[in-house]
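Single-structure report; data block below.
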Amino acid sequence: MEMQLPPHEGAELSVVDMHTGGEPLRIIVSGYPEVKGDSVLSKRRYVREHLDHLRRALMYEPRGHYDMYGALIVDSEIPEADLGVLFMHNEGYSTMCGHAVIALGRFAVDYKLVKEMQSPETQVNIHCPCGLVRAFVKYSDGKTGGVRFLSVPAFAFATDVTVAVEGFGDVTVDISYGGAFYAFVDAQRFGLDVTKSRTRDLVDAASAVTNAVKSQVKLHHPTSDDLAFLYGTILTDGKDDYSSDPTANICVFAEAQVDRSPTGSGVTARIALQYHKGLIQLNQTRTFQSGATGSQFTGKAVEETKCGDFKAVVVEVAGRAFYTGVSRFVQEPDDKLTHGFLLK
């Protein structure tokens, strides 16, 4: 029996749900009004100021959950872009999301958002708020598979920065950019293991670091002030030297949201940091493992470049995304909880 929505009043929102390495992605395909702005970054500002009730409706309960992640497809001002995208989560709007790019690459090919499909890979140009990201989707006999993408210029912002972290004293962190800024700390500094410790303990430690860096370190980005904010903290297993063995990490971002995947933009930033420190060379592939689910991405620096005065690298990240379903949501006008709520 084909399921249909019963008679109802109110707006409808249609989505395609996917996951990459266990991290959800809710791709919004209809139900949003026009997103105004002459650039993807200005559209990001517009949805934050005028349409945030729709983010809450789709990310929060009862339609979502505390750790839901979303992507809204928008028009891009860049001629070579196949699509523009705005990323959203429990706190607001990100500038880059690697797990979402991997999912969106496959989605764009399957839903024919690209002009021409090619085997063995189809290129999808995705305009993210941080810039144009080029994804390459395995494609053969009409079927899509794994995805790799080339990042915007990624760079180490600052290394060995000491911040006073509430409850933990002075902590030394590195800060790196992979489309978004992250602080990096070895979890052992807090007596924790990213694959074995309680998630609550990891979240508490990472959140304390994020709060400290936000209050004590001023970030800047060479191309836009909209990009100059700390997205979160990534706790690692400390295995930064190049090895063929996987290295694990866990990312806590936005409002204490836990990434179930190895974090694509985090892998980008971590590769840039390792390259800056001379721990990895160009085209040396590393495997990154999620401390939460055990899922894996690979990453490698493929090219030196510049971002303003920063020495930077272009990083290739690869992973797989899978479909989990499609949904049509409604917002009935007499539903007092229609705009969503969160339980912490």
Q: Would you point out the residue of region 294-317, among those that are part of a loop (DSSP other than H, G, I, E, B) and surrounded by fewer than 17 Cβ atoms within 10 Å (Cβ to Cβ), that is nearest to the chain's Cα centre (by Cα)?
A: G294
Q: With the checklist (1) among the polar types (S, T, N, Q); (2) open to solvent by 40 Å² or more (accessible area, probe 1.4 Å); (3) part of a helix (DSSP H, G or I) in hand, flag the one item Q118 doesn't pass.
A: (3)
Q. Does region 72-83 contain any residue that is within 18 Å of G232 (Cβ to Cβ), at pLDDT 95 or above, surrounded by fewer than 18 Cβ atoms within 10 Å (Cβ to Cβ) and not acidic (D, E)?
A. no
Q: Within region 121-133, count every residue that is under 14 Å from the mean Cα position of the chain (by Cα) and assigned to a strand (DSSP E or B).
A: 5
Q. Out of all the residues in region 27-37, which are part of a strand (DSSP E or B) and closer than 16 Å to H53 by Cβ?
A. I28
Q: Just need a number here: residues in region 138-161 that are under 18 Å from the mean Cα position of the chain (by Cα) and under 18 Å from T298 (Cβ atoms).
A: 7
Q) Of the residues R270, R320, which is in contact with a Gly (Cβ under 6 Å, 6 or more places away or on another chain) and surrounded by 15 or more Cβ atoms within 10 Å (Cβ to Cβ)? A) R320
Q: Check region 184-191 and report whether any residue there is open to solvent by less than 70 Å² (accessible area, probe 1.4 Å) and within 23 Å of R45 (Cα to Cα).
A: no
Q.
Residue under question is R286, and the condition is that it be open to solvent by 40 Å² or more (accessible area, probe 1.4 Å), of a type in the set (K, R) and out of contact with any His (no Cβ under 9 Å at 6 or more places or on another chain); does it hold?
A. no
Q. Restricting to region 60-104, what's the tally of residues that are out of contact with any helix residue (DSSP H, G or I) (no Cβ under 9 Å at 6 or more places or on another chain) and either closer than 18 Å to Y46 by Cβ or β-branched (V, I, T) (or both)?
A. 1
Q) Which of the following residues is modelled with pLDDT of 95 or more, closer than 30 Å to Q289 by Cβ and not small (G, A, S): Y66, Y46? A) Y66
Q | Some residue of region 165-178 being closer than 25 Å to T285 by Cα and open to solvent by 70 Å² or more (accessible area, probe 1.4 Å) | A | no
Q: Within region 49-78, work out how many residues are farther than 24 Å from G22 by Cα and in a strand (DSSP E or B).
A: 1
Q | Odd one out for H19 among (1) within 27 Å of G294 (Cβ to Cβ); (2) without any contact (Cβ under 8 Å) to a residue 60 or more places away in the chain | A | (2)
**Q.** Tally of residues being in contact with a helix residue (DSSP H, G or I) (Cβ under 7 Å, 6 or more places away or on another chain) and among the aromatic types (F, W, Y) across region 265-290
**A.** 1
Q: From L279, L273, grab the single residue that is free of Cβ contacts under 8 Å to residues at least 60 places away in the same chain and under 14 Å from F184 (Cβ atoms).
A: L279
Q. How many residues does region 242-267 hold that are more than 23 Å from V209 (Cα to Cα) and open to solvent by 50 Å² or more (accessible area, probe 1.4 Å)?
A. 4
Q) Restricting region 1-51 to residues that are among the hydroxyl-bearing types (S, T, Y) and touching a strand residue (DSSP E or B) at 6+ places or on another chain (Cβ under 6 Å), which is least open to solvent (accessible area, probe 1.4 Å)? A) T20
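The values are calculated or read from the model by the stated rules, or taken from the named source; none is laboratory data. Just so we're clear, the structure is a prediction, and the values are computed from it rather than from any experiment. Reconstructed Cβ throughout: ideal geometry from the backbone, glycine too, with neighbour counts over all protein chains shown. All accessible areas refer to the heavy atoms of the entire protein, side chains included, with ligands and DNA or RNA removed. Shrake-Rupley method; radii C 1.70, N 1.55, O 1.52, S 1.80 Å.
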